[in-house]
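Participant: Structure incoming, see below.
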Amino acid sequence: MERRSKENHALFLLTAGLLAWLIPGAGYFLLKEKKRAVIIFATITLTFCTGLYVGSIGVIDPVASKPWYVAQIMNSPMVAILGHISAGGGFPVYGRPNEVGHIYTGIAGLLNLLCIVNTVYLAHQRRAERSGD
Amino acid sequence: MAAVAFVIASFTAPQELGTNPQSMFMLLPLTAAIAVIYKATKLPTITAGNFIKETTALFGSIVIFIIITALTLYTLAWLITQ
């Protein structure tokens with residue numbers, strides 16, 4: 001019985017984390033923190049879109065700028081689709097727009113990573129409080 | 001339909017952004033985003049007034065710290081090159 005409960009708990013944490021990665025803020029929505037979810041979704045999406053607008057989708061380059069890509073993919077797995085489109089080098093971007101685009105999209109991804117970690121922690125804390133641990 | 005195509009097309013070419021002092025203002029929206037997300041994850045309960053107050057305080061302190069750092073580095077560079 002206890003083992004089953006622990007498995008359910010791990011599954012819940014995994015679901016919350018994956019949901020938070022799939023759609024920014026969705027993990028908080030699962031935890032019924034609607035205000036937080038809306039604020040996080042709007043801010044991360046806006047920051048990411050600003051980076052894409054300034055630098056174009058060329059800033060998502062899984063081949064030439066791998067370290068930035070690792071940060072960018074933290075926004076959502078959907079970034080991989082953009083990476084697949086721009087991987088052929090059809091959207092060249094240089095200079096200041098390239099820098100600003102990378103910084104905005106990368107920071108948006110890292111902020112979402114913070115939210116993912118916080119969602120999982122909050123989900124764990126809630127379950128622990130409920131079970132009286 | 002044309003409007004949607006126009007919006008999508010605007011994401012396929014980079015904007016013109018010169019390497020000038022004015023381009024440093026691009027750090028302000030990013031700082032605001034960092035302040036908003038940080039406070040959204042840290043505040044125990046979110047109310048409009050409290051959230052705006054806390055976010056503004058964090059945004060201001062980050063900007064002031066950046067200005068102090070920039071001035072220090074500028075002074076240091078000036079002293080070295082004189």
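The values are calculated or read from the model by the stated rules, or taken from the named source; none is laboratory data. Keep in mind that what you see is a predicted model, and the values were worked out from it rather than measured. Backbone-built Cβ (ideal geometry, glycine too); neighbour counts: all protein chains shown.
Participant: Restricting to region A:32-58, count the residues that are modelled with pLDDT under 90 and touching a Ser or Thr at 6+ places or on another chain (Cβ under 6 Å).
Facilitator: Within region A:32-58, residues that are modelled with pLDDT under 90 and touching a Ser or Thr at 6+ places or on another chain (Cβ under 6 Å) number 3.
Participant: Are any residues in region B:1-27 in a helix (DSSP H, G or I) and surrounded by 14 or more Cβ atoms within 10 Å (Cβ to Cβ), and if so, which ones? Don't jump to the end; show me each part of the working.
Facilitator: Just the residues of region B:1-27 that are in a helix (DSSP H, G or I), to begin with: B:2-9, B:21-27.
Those that are in a helix (DSSP H, G or I) and surrounded by 14 or more Cβ atoms within 10 Å (Cβ to Cβ): B:S23, B:M26, B:L27.
Participant: Tell me which residues, restricted to region A:6-56, are of a type in the set (S, T, Y), within 25 Å of A:E129 (Cα to Cα) and at the interface with another protein chain (Cβ under 9 Å from one of its Cβ atoms). Give the derivation first.
Facilitator: In the first step, residues of region A:6-56 are kept if they are of a type in the set (S, T, Y); the result is A:15, A:28, A:43, A:45, A:47, A:50, A:53, A:56.
With within 25 Å of A:E129 (Cα to Cα) added as a condition, the list becomes A:15, A:28.
Within region A:6-56, just A:Y28 meets the criteria.
Participant: With under 22 Å from A:K34 (Cβ atoms) and more than 9 Å from every other protein chain (Cβ to nearest Cβ) as the only criterion, which of B:T75, B:T55 stands out?
Facilitator: B:T55
Participant: When you scan region B:28-50, how many residues do you find that are in a helix (DSSP H, G or I), more than 8 Å from chain A (Cβ to nearest Cβ) and in contact with a helix residue (DSSP H, G or I) (Cβ under 7 Å, 6 or more places away or on another chain)?
Facilitator: Of all residues in region B:28-50, those in a helix (DSSP H, G or I) come to B:28-42, B:48-50.
In the following step, the residues that additionally are more than 8 Å from chain A (Cβ to nearest Cβ) were identified as B:28, B:31-32, B:35, B:39, B:42, B:48-50.
Add one more test, that the residue is in contact with a helix residue (DSSP H, G or I) (Cβ under 7 Å, 6 or more places away or on another chain), and what stays is B:31-32, B:35, B:39.
Residues meeting the conditions: 4.
Participant: Could I ask something else about it? With respect to A:F41, determine if the residue is under 13 Å from the mean Cα position of the chain (by Cα) and closer than 16 Å to A:V100 by Cα.
Facilitator: Details: under 13 Å from the mean Cα position of the chain (by Cα): yes; closer than 16 Å to A:V100 by Cα: no.
Spelling it out, it is not the case that A:F41 is under 13 Å from the mean Cα position of the chain (by Cα) and closer than 16 Å to A:V100 by Cα.
Participant: Would you please name the residue that is farthest from the other protein chains (Cβ to nearest Cβ), looking only at residues in region A:96-128 that are within 28 Å of A:V54 (Cα to Cα) and modelled with pLDDT under 90? Even if it seems obvious, please write down each step before you answer.
Facilitator: Filtering region A:96-128 down to residues within 28 Å of A:V54 (Cα to Cα) leaves A:96-116.
Going one step further and asking which of them are modelled with pLDDT under 90, we end up with A:96-99.
Working: A:R96: 4, A:P97: 4, A:N98: 7, A:E99: 9 Å.
Only one residue tops the list, namely A:E99.
Participant: In addition: Just give me the residues in region A:52-82 being over 15 Å from the mean Cα position of the chain (by Cα) and part of a helix (DSSP H, G or I), in sequence order.
Facilitator: Looking only at region A:52-82, we keep the residues that are over 15 Å from the mean Cα position of the chain (by Cα), and these are A:52-59, A:61-67.
Answer for region A:52-82, where residues must be over 15 Å from the mean Cα position of the chain (by Cα) and part of a helix (DSSP H, G or I): A:L52, A:Y53, A:V54, A:G55, A:I57, A:G58, A:V59, A:K66, A:P67.
Participant: Evaluate region A:94-109: report whether one residue or more is part of a loop (DSSP other than H, G, I, E, B), hydroxyl-bearing (S, T, Y) and either in contact with a Cys (Cβ under 8 Å, 6 or more places away or on another chain) or surrounded by fewer than 21 Cβ atoms within 10 Å (Cβ to Cβ) (or both). Steps first, answer last, please.
Facilitator: Taking region A:94-109 and keeping what is part of a loop (DSSP other than H, G, I, E, B), we get A:94.
Pick out the ones that are also hydroxyl-bearing (S, T, Y) and you get A:94.
Applying the additional criterion that residues be either in contact with a Cys (Cβ under 8 Å, 6 or more places away or on another chain) or surrounded by fewer than 21 Cβ atoms within 10 Å (Cβ to Cβ) (or both) yields A:94.
Yes, the conditions are met somewhere in region A:94-109.
Participant: Can you give me the number of residues within region A:59-90 that are within 10 Å of another protein chain (Cβ to nearest Cβ) and closer than 14 Å to A:G106 by Cβ?
Facilitator: Here is the first cut: in region A:59-90, the ones within 10 Å of another protein chain (Cβ to nearest Cβ) are A:59, A:82, A:85-86, A:90.
When the remaining residues are screened for being closer than 14 Å to A:G106 by Cβ, the result is A:59, A:82.
Counting residues in region A:59-90 that are within 10 Å of another protein chain (Cβ to nearest Cβ) and closer than 14 Å to A:G106 by Cβ gives 2.
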